[in-house]
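Take a look at the structure below.
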Amino acid sequence: YEEIMKNNKVPDWYIDSCKRIKYMFPKAHATAYVTMAFRIAWFKVNFPEAFYASFFSVRADEFDANLIVKGAKAVWRTIEEIEAKGNEATQKEKNMLTILEVALEMFQRGIKLLPVSIEKSHADRFQIVEEGILPPLASLQGLGVTAAHNLVEARKEKPFVTWDDIRIRGKASKPVIDILAAHGCLDHLPQTSQLSLF
């Protein structure tokens, strides 16, 4: 194309620019970005619970419910720790930083994050409930999406009655049970259905 441009008296600076530029951002693409930004801002202002539930659902696998459910002070402390690391922060910590900043904003707007519930939490989507936002089972670090779906499917048949019931019907491994127990999801359930006589 260079020869054709020279034959048509295209200035050298333009030809040189064409050689350097690999991609030019189209106006339509830029317009779409701005339109999307307005939509997001509108939802954030008018339907904040829906905005935060959607934002976190997209990032459920990186969300740390154990940390964020502790509230604004714990979130702020973790943000400061990650920022203090500077360039030494891992990619996972950098990704987490964005989530923590949005969670802090959510708390400052008076929206509560509830603890994960073995009875009510969805497998991988945040839900808006009367008390606040309910995180999914998969938002517990170490509890994968497959394990979360297994628990939800088993729960549909009938509610879990013991830790053993979760392990057997929910196909939950010991690490999954430990994660649920550490978060407090199993505090109201006995470990086994066997009766003790002593």
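Things to note:
- Residue within the stretch 86-101 that is within 17 Å of residue 113 (Cα to Cα), of a type outside the set (Gly, Ala, Ser) and not in a helix (DSSP H, G or I) present: no
- Test: residue 87 is without any contact (Cβ under 8 Å) to a residue 60 or more places away in the chain and open to solvent by 60 Å² or more (accessible area, probe 1.4 Å): yes
- Matching residues in the stretch 55-76 - criterion: being more than 14 Å from the chain's Cα centre (by Cα) and surrounded by 12 or more Cβ atoms within 10 Å (Cβ to Cβ): 70, 71, 72, 74, 75, 76
- Selection count, the stretch 118-141, where residues are within 23 Å of residue 161 (Cβ to Cβ) and open to solvent by 60 Å² or more (accessible area, probe 1.4 Å): 2
- Among the residues making up the stretch 96-117, none is over 15 Å from the mean Cα position of the chain (by Cα) and crowded, with 22+ Cβ neighbours inside 10 Å.
- When the stretch 96-133 is filtered for residues that are in contact with a Phe, Trp or Tyr (Cβ under 8 Å, 6 or more places away or on another chain) and within 18 Å of residue 182 (Cβ to Cβ), the ones remaining, listed by number, are 113, 118, 119.
- When residues of the stretch 55-67 are limited to those that are in a helix (DSSP H, G or I) and free of Cβ contacts under 8 Å to residues at least 60 places away in the same chain, the one nearest to residue 184 (Cα to Cα): 67
- Residue within the stretch 34-54 that is within 16 Å of the chain's Cα centre (by Cα) and open to solvent by 80 Å² or more (accessible area, probe 1.4 Å) present: no
- Filtered by the rule that a residue be in contact with a helix residue (DSSP H, G or I) (Cβ under 9 Å, 6 or more places away or on another chain) and not acidic (Asp, Glu), the stretch 93-109 gives 94, 96, 97, 99, 100, 102, 103, 104, 106, 107, 108, 109.
- Selection status of residue 5, in contact (Cβ under 8 Å) with a residue 12 or more places away in the chain and surrounded by 10 or more Cβ atoms within 10 Å (Cβ to Cβ): yes
The values are calculated or read from the model by the stated rules, or taken from the named source; none is laboratory data. Since we're looking at a predicted model, the values are computed, not measured. For neighbour counting, all protein chains shown are included, and Cβ atoms are generated from backbone atoms with ideal geometry for every residue, glycine included. In case anyone asks, the SASA skips ligands and DNA or RNA and just uses the protein heavy atoms, side chains included. Shrake-Rupley method; radii C 1.70, N 1.55, O 1.52, S 1.80 Å.
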